[in-house]
Every structure is written in structure tokens, then in C-alpha cells.
Amino acid sequence: MKFMDWLDERLAVRQLVKVMLTEYYVPKNINFLWSFGVLIMLVMAILFVSGIFLLMYYKPDANLAFDSVNKTIMMDVEYGWLFRHTHAVGASIMFLVLFIHMARGIYYGSYKAPREIVWITGYILFILMSATAFTGYLLPWGQMSYWAAQTITTLFEKIPFIGPDLVIWIRGNYIVEDATLTRFFALHVMLLPLLLAIFTAIHLYAVRIVGSNNEDGGELTKEDKKKGKGISFWPVFMAKEFFVMSVFLVFFFYLVFYQYKFAMDQINFIPADYLQTPHHIYPEWYFLAFYEVLRGFFFSQNLGLIAFLFSMFIVAFLPWLDTSPIKSGKHRPLYRIMFWIFVADFLFLTILGKLPATGLYAWLGFVGSIVFFIFFLALPIISRIEKKRLAGGM
Amino acid sequence: MKELKILLILIVLVLIGYWGIEPYAHSVMHGEVKQPDHTYKDVPKNIPTTGDPVKGKELFTTNCASCHGLKNDGVNPGMDIQTSITSFKVVPPDLSNIGAILDEHFLAYFIKNPQDATKNPKFAMPPMAQLSDEDIGHVVAYLKSVTKKDLTGKEITVEACGRCHSIKYQKVLSDTPKEPLKEYLGKVPPDLSVIGKAKNVEYLETFINNPQNTLPGTSMPRLGLTKESTEKVVTYLDQIADPHRDQRNTLGIWVIGYLLFMAGITFAWKKKIWKNIH
Ligand code: HEM
């Protein structure tokens, strides 16, 4: 242990290990939904590693990109296909675990005081992750890459005054083309991952400071921890975590090897062609719900755009929409009903988002979009009802 | 147990979502793919498909060899590539093995009326009105007599599709350059290197059987491949698009087996650590 002493004198590692691991306490009454933060980190690591290997052979050039991905990486490089499958499935599953992580936070009221900063930094991470996925999806330069980017960037045209100029500024040209590819590449491999790393650090730091929430929403006091109401992060919490991770990896690699098609759209194996619009253009599945809110207001593009922006941003304001002193959904029957309606609606919108927006589907999309917002609008009302009830001494 | 209940809810939600965005969405977007018709029901079957190969060769030399070569029998096309591109915007294919690739009734009817047989009114080969039905029988007999047996998927694909399509990743370039093809067909036919990933096997079979089945009005001609040739072509296209399938399937078993083993170990460790925690 000479080396440890030497290191301890210089970096105070023993103290660090105590503060970070062995004497950091997590509540006991948490379920495996609290493992999803760590699962996100695991997927993030997988994305970083597979991404670096892809980067070694990928060529960010409109003439070379498609072949560098579909020939060089998929066919010529040893296990290149494994890295591409892993990266594509990883990106998709990232959003699955993110959605579950966020839903956990919503159900148990983890966004409430004192965790507002945890929530806001988490939300910023979600936006950054969405931007990373969106820019990354253009890189293979297939038909769906191209037309999804074309469609989504066109949305900005509607912004008053600066819209049309903004679109050209984002694309680097009048249409999506080589300049767009190279700038999306720069964002995807450099700026966005850097920001993700920084905000993850802040997010985790904030979680350390305020501690984890739990099923019942009560906070651990110092005495609680001593009395053994909490479990130490290392080794107790992590022992369970490793098991959850192993099970998750079985599921993950099953997808990578045998069920990867949902993450790699067929149409994207046709090279980008700006003269030929595909019959159906849709984003990756994790954006479908928001996309459906955009299309839901089928009678007015402007309204749709506003609703779309709201649907993406309103989540950040949860701590201020929901002011009820009761934290966990476990003890809030009204809230729980709204929560499950919201989850069902999100799923409904996701499914509708891929279907052609015509006839009945268009109207269902409209209804679904309205229901999406009802959850958020109901929160202040539920809060008032609950406050009254508490004041009434119940 | 509570944890299992939560897991069950997650699984049900994920499965509903998956069903919606994959099988259900695809069935709504693409509808049902028609079944291929390998007997070519609409093609008249009254033109003979047998006859005298020797007479057939004579007829071939006088009527077909001005445009088509037949390498198997040492026949060179009467026209060089440049001339045929200027005349037809597409290079007439070498017919060495066409007798084995195409359905014989289709072939006979095709010689008589290429535009109707291929469902492409602008098809570049003129109808052979000078040939009687009996003559056509001789030509078909000749074409069948010279072909190689047991063609591979690649050979069939190159001979039947190679005048229009490239397969870049297999270093196969179309006989005809892009510009004349675009003039002739309205668009450059897509490269077939990874078409097996862009389309599934059932779709390809139906499409090749009759392009009008899935793309009404398309300029790709119906080619009249036999069931066997179609299947070989589709298998070939599927296999070149996904060359590492076997490696993937085997490696997958090892990786998942290893992870299951890890899950067992980590579960045991968790049990041990959590024994005293209630
Ligand atoms: C790259 C993305 C993210 C990473 C790496 C990450 C990581 C983590 C980790 C490791 C934890 C502690 C373990 C746990 O409670 O699960 C955590 C907690 C938390 N995260 Fe995230 N997270 C990310 C995104 C988000 C997003 C998008 C949100 C919501 C908008 C969010 C909200 C929260 C909240 C509220 C907590 C505290 C939960 C509680 O104590 O009950 N995070 N995060």
C-alpha cells in the first residue's frame, strides 16, 4: 500500500473514495428504475467506443460517405459491421433508456426541489442527445438521412423574419448537400459529444449534492444514513447495478446481432438523391411523437410548428408547473392517472408518427397532440387541489 | 415481486411501441406485396418453343446477330458497342445463356412482341415480324441448346441485368453508360450492390417477376426470368448485400452466452452483498 499512501498524500484519494463511493448513501426504497442513469452512462460509453472505430474509416464527403459506410465499414473492415450495428442500435436504445429515465423522474417527482438543477441539466442533456442523433443520422448519406435532414431543416423557414436566411445558414447552401454533411459531421463527432460530457459531469455533480430521490419522495437526513436507512453507493448499490447492467447488455447485444433492422432503416440503403423524394419520410422512432405533434395540427403549419417547439421544451418547466408539496406519484392518485394517460399518449403519438397523416390518422394525430399538452396544463390544477387537501388537514 | 412488475410494464410498453413502428407501420405504408406469377399467365403459349437448333442458328445469324452476340457459340455482334448505344441507348445483351435464364414461352412471345411481353411500350428491340411462329420455335430451340447448365446467381444477374444495372461493390459495371440509359429509361437504374438491404427478399422476387407489380408505369422491363433464375438472382443480391451474415450469427451466440454467464455471476455477487440488507 506504499503507492496508495503516496497517491493519497498528493491527491487525497482515500477521502475521494469515501465521499464518492463508500460513504455516499442512496436510499433503500428505490427500485431498478434508479439504475437507468447508470445504464445511460453505459450506452454512452458504448457509443463513444463504437463511434471512434467508425470515425477511423468514415469519409465526410457527399461523394464518398455512402460507400465508406456501406462498403468499407460494412464489408471490408474486419468487424466493421459490428461497430456500425452497435453504434446504430446504441443510438436507438439510448433514447429508450433516456425516456425511461425521464419517466421515472416524472412519476416519482424527482424534478421537484431540491433537484431542479438535476432536472434542467438532464433536460439539456436530452436536447444535446437529440441534436447528436439528428446530425449523426445524416452521415451515412442515404435517402432517409437526406430527406429527414431536408424536411427538418425546412421547418426553420417558418421562423419570422430570419427563417429563410437561417435555413441557408444551417445548411450552408440552398439545399442539403456536401457543406451540410461536413458541418453536421463536425457537430456530431466534436462539439456535441464534448458538451454531452460536460453536462453529464454537472448533472452527476448535482445528483451527488442533493442525493437521490426515492419511491416515497422523503429525503434522507444525516441521521437516517447513520441508522442504516441508506445503502452505500459502493459496494451495495453498485452490486445490484452490475446485475442490471449485465441483463441490459444481453438485451442490447441480442438487438445488435439479431434485431438491428429497427435501428437501420431500409430506405437508408439507397444513396441520397436530391431529385427523388421517397414516398414516406419519417424521422427515427424516438422523434416520432414530437413529429406527430408537428403534423397533428394538420390545418395550420404555423400552429404545428409552435406546438412542436412547446412539446420539446415544456418538459423543462415541470418543476414550476407542478408546485404540489407531495413529491412522489405513489402518493398522488390524481397525478398518477394523468401520468399514465400521458405515457399512453406518448406511445400513441410515436406509433401515429410513422403512419401517413391522412384521413382518420390526421384527426387521431390532432387529438393525441392535444392530450399531450393536457398533462402539463393539468399540473397546476392538481397542485392546487392537493394543496387545499393538505391545508384541510387530510 | 415489485421489480418484476415494473419490468413487465416496461416490456409491454416497448413491445406495443415496436409493433406499431415496425410491423404495423410497414403493413400500412407498403400494403401487401403481390405474389409473383412465374408462369406468366398473360403470355400466349401457342408459339412453339421447340424446333431444329441448326435452322435456329441460321435464323439467329440473319435476324439477331446484327445486334446480339452469342459468345458460347462464337457469334460476335454485328454492331460495335458505340453504334448500339447511339441506336438504342442500351447495349443489346449477349444471349449465350438466355435460353436457360428466361421462361421459354415468355422468350418466344418476347421475340414476336417485345413491347407487350416486357410491358414497356418503348422497349428498344423491334418486333421480329419477319419470323413465323415456327421460325421462332427454331430460334428458341437454338438458344436453349447452346446455354451452359447450372448457372450461378452472379452469372444470371450479370447477363440479365448487366446492360442496365451496375453492381459497384462487386466490380460489375453496366454495359451501357449512365447518360444513354437515362435518356432511354428516364432515370439511371439504381446500383444493385446493397439493394438486398434496401428491399426484402419477397419484394425483390415480385418486382423482378414483373416490375409493374410494385412500381406501376416504371420503365424497367419485365424480363421473363424463370422461377429458378429469379430465386438465384434474389439469393445472390441478398447475399452480396450482407456478406458477413454467418460471422454475425455465430459471434452473436458467443457474445450473448458470455453475457448470460456474467449475469449469473453478478446476480450471485448481488445476493451475497445484499444478504444482510433489509
Ligand atoms: C446523457 C444523458 C444523461 C445521463 C448520462 C444521466 C445520468 C444520470 C445518473 C447516473 C443519475 C443517477 C442515477 C439515477 O438516479 O438514475 C441521474 C439522475 C437523474 N437524472 Fe439523469 N442522466 C441523463 C439525462 C437525463 C435527462 C434527459 C433527464 C430529464 C430531463 C434527467 C433527469 C435526472 C433526474 C431528475 C435524476 C435524479 C433522479 C432521482 O434522484 O430520483 N437525466 N442521471
Practice task
Among the residues of segment B:1-37, write down those that are more than 7 Å from chain A (Cβ to nearest Cβ) and small (Gly, Ala, Ser).
Solution key: B:Ser27, B:Gly31
Exercise for the section: State whether one or more residues within segment A:326-345 are surrounded by fewer than 21 Cβ atoms within 10 Å (Cβ to Cβ), under 22 Å from A:Thr135 (Cβ atoms), within 16 Å of the ligand (Cβ to nearest atom) and away from every other protein chain (no Cβ under 13 Å). Expected result: no
Exercise for the section: Restrict the check to segment B:232-249 and report whether at least one residue is closer than 25 Å to B:His105 by Cβ and of a type in the set (Lys, Arg). Expected result: yes
Handout entry: Candidates A:Tyr79, A:Tyr108 - the one that is near the ligand (Cβ under 9 Å from one of its atoms) and modelled with pLDDT of 95 or more
Key = A:Tyr108
Problem - Qualifying residue in segment A:73-84 (condition: in contact (Cβ under 8 Å) with a residue 40 or more places away in the chain, small (Gly, Ala, Ser) and surrounded by 14 or more Cβ atoms within 10 Å (Cβ to Cβ)) - result: no
Problem - Extreme residue, farthest from A:Asp345 (Cα to Cα), among residues of segment A:278-298 that are in a loop (DSSP other than H, G, I, E, B) and facing chain B (nearest Cβ under 10 Å) - result: A:His279
Exercise for the section: Answer yes or no as to whether A:Ile93 is free of Cβ contacts under 8 Å to residues at least 40 places away in the same chain and either over 22 Å from A:Ala206 (Cβ atoms) or within 10 Å of the ligand (Cβ to nearest atom) (or both). Expected result: no
Exercise for the section: Enumerate the pairs (first residue in segment A:257-277 and facing chain B (nearest Cβ under 9 Å) and over 11 Å from A:Phe66 (Cα atoms); second residue anywhere and aromatic (Phe, Trp, Tyr) and surrounded by fewer than 21 Cβ atoms within 10 Å (Cβ to Cβ)) with beta-carbon separation below 9 Å, excluding pairs fewer than 6 apart on the same chain, so at least 6 apart or on different chains. Expected result: A:Phe262/B:Tyr18
Exercise for the section: Kindly indicate whether any position in segment A:3-13 is in the same structural domain as A:Gly122 (by TED's automatic domain parsing), more than 16 Å from the ligand (Cβ to nearest atom), outside any helix (DSSP H, G or I) and out of contact with any Ser or Thr (no Cβ under 7 Å at 6 or more places or on another chain). Expected result: no
Practice task
Quick one: which residue in A:Ala113, A:Ala103, A:Ala179 is within 16 Å of the ligand (Cβ to nearest atom), modelled with pLDDT of 95 or more and not polar (S, T, N, Q)?
Solution key: A:Ala103
Exercise for the section: Kindly indicate which of A:Leu125, A:Leu139 is in contact (Cβ under 8 Å) with a residue 12 or more places away in the chain, within 16 Å of the ligand (Cβ to nearest atom) and touching a His at 6+ places or on another chain (Cβ under 7 Å). Expected result: A:Leu125
Handout entry: Considering residues of segment A:14-30 that are buried (at least 17 other Cβ atoms within 10 Å of the Cβ) and within 12 Å of the ligand (Cβ to nearest atom) only, the residue farthest from A:Tyr205 (Cα to Cα)
Key = A:Ile30
Practice task
Would you confirm whether any residue within segment B:138-145 is buried (at least 20 other Cβ atoms within 10 Å of the Cβ), within 18 Å of B:Phe110 (Cα to Cα), modelled with pLDDT of 95 or more and aromatic (Phe, Trp, Tyr)?
Solution key: yes
Handout entry: A:Leu47 being within 25 Å of A:Val210 (Cα to Cα), within 16 Å of the ligand (Cβ to nearest atom), crowded, with 20+ Cβ neighbours inside 10 Å and modelled with pLDDT of 95 or more
Key = no
Exercise for the section: Might you let me know whether segment A:225-232 holds any residue that is within 8 Å of another protein chain (Cβ to nearest Cβ), aliphatic (A, V, I, L, M), more than 20 Å from the chain's Cα centre (by Cα) and more than 15 Å from the ligand (Cβ to nearest atom)? Expected result: no
Practice task
Among the candidates A:Phe290, A:Phe339, single out the residue that is farther than 30 Å from A:Leu138 by Cβ and in the same structural domain as A:Ala391 (by TED's automatic domain parsing).
Solution key: A:Phe339
Practice task
Check segment B:122-135 and report whether any residue there is hydroxyl-bearing (Ser, Thr, Tyr) and in contact (Cβ under 8 Å) with a residue 12 or more places away in the chain.
Solution key: no
Exercise for the section: Give B:Gly137, B:Gly196, B:Gly99 a once-over and let me know the one that is more than 16 Å from the chain's Cα centre (by Cα), part of a helix (DSSP H, G or I) and under 30 Å from B:Ala241 (Cα atoms). Expected result: B:Gly99
Practice task
Could you please let me know if A:Thr121 is at pLDDT 95 or above and within 26 Å of A:Phe257 (Cβ to Cβ)?
Solution key: no
Practice task
Would you confirm whether any residue within segment B:235-256 is assigned to a helix (DSSP H, G or I), over 26 Å from A:Thr277 (Cα atoms) and either in contact with a Gly (Cβ under 6 Å, 6 or more places away or on another chain) or more than 13 Å from every other protein chain (Cβ to nearest Cβ) (or both)?
Solution key: yes
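The values are calculated or read from the model by the stated rules, or taken from the named source; none is laboratory data. Treat the numbers as computed from the prediction; the structure is a model and nothing was measured. We place every Cβ from the backbone using ideal geometry, glycine too, and count neighbours over all the protein chains shown.
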